[in-house]
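Below is one structure, written out as structure tokens, with a few remarks after it.
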Amino acid sequence: MALELTESKSAFAKRLNASKARISQLVKAGLPCTSQGQVRIDAALRWIRENVNASPGRPQGSANSDDGELLAARVRLVTLQADRAETELAVRRGELISKHAAAIGVRAMVRTLRDNILNIPSRYGAEIAAELDVDHPKLAAALEVLLRNALVEIAKRPRPSYFEAEALASQPAIWEKGGL
């Protein structure tokens, strides 16, 4: 079973930018807690979405007001706070990383790939030349030119946007299609 993250009611109140009294009201209304009184973060956020935000009427604890705009604003605020709390929790679990960290990782991976591709002629050229019974320096030079040209062509392509990358990620990889 996965480790369930919990925190005190005070910490959960800070997470949602709510008062401790409001969290106590929510606990009385059914906010999921452990037997020690700690708030079960995932379950509590889900409970807030389902019970506080989703109800067509006035959320619990809101002032008696006929102002629909104020009510809608409060519901949006609680929803945004729950979303922010879920995102922070996913970051703490290591399920999300920043765009900057992802870009650094991708750059490092691409640089390593490029270096390995450019090392093919020197690393495997002699072996390939012996297998094909051709002149090693000529083969190594030809391979280097071809590989550099291929990398230049790849570099000329426009970078995919986030949405294109997301669409590509949802497609099966070549080896999953039986291509490799």
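We did not get these values from a lab; they are worked out from the coordinates using the rules stated. If you're wondering where the values come from, they're calculated on a predicted model, not measured in any experiment. Here Cβ is always computed from backbone atoms with ideal geometry, including for glycine, and neighbour counts include all displayed protein chains.
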Residue pairs qualifying under the 9 Å Cβ cut-off, at least six apart or on distinct chains, with the first in the range 123-151 being over 18 Å from L113 (Cα atoms) and the second being outside any helix (DSSP H, G or I), are I128/V134; A129/D135
Which residues, taken from the range 1-33, are outside any helix (DSSP H, G or I), in contact with a strand residue (DSSP E or B) (Cβ under 9 Å, 6 or more places away or on another chain) and not acidic (D, E)? L5, T6, S8, L31, P32, C33
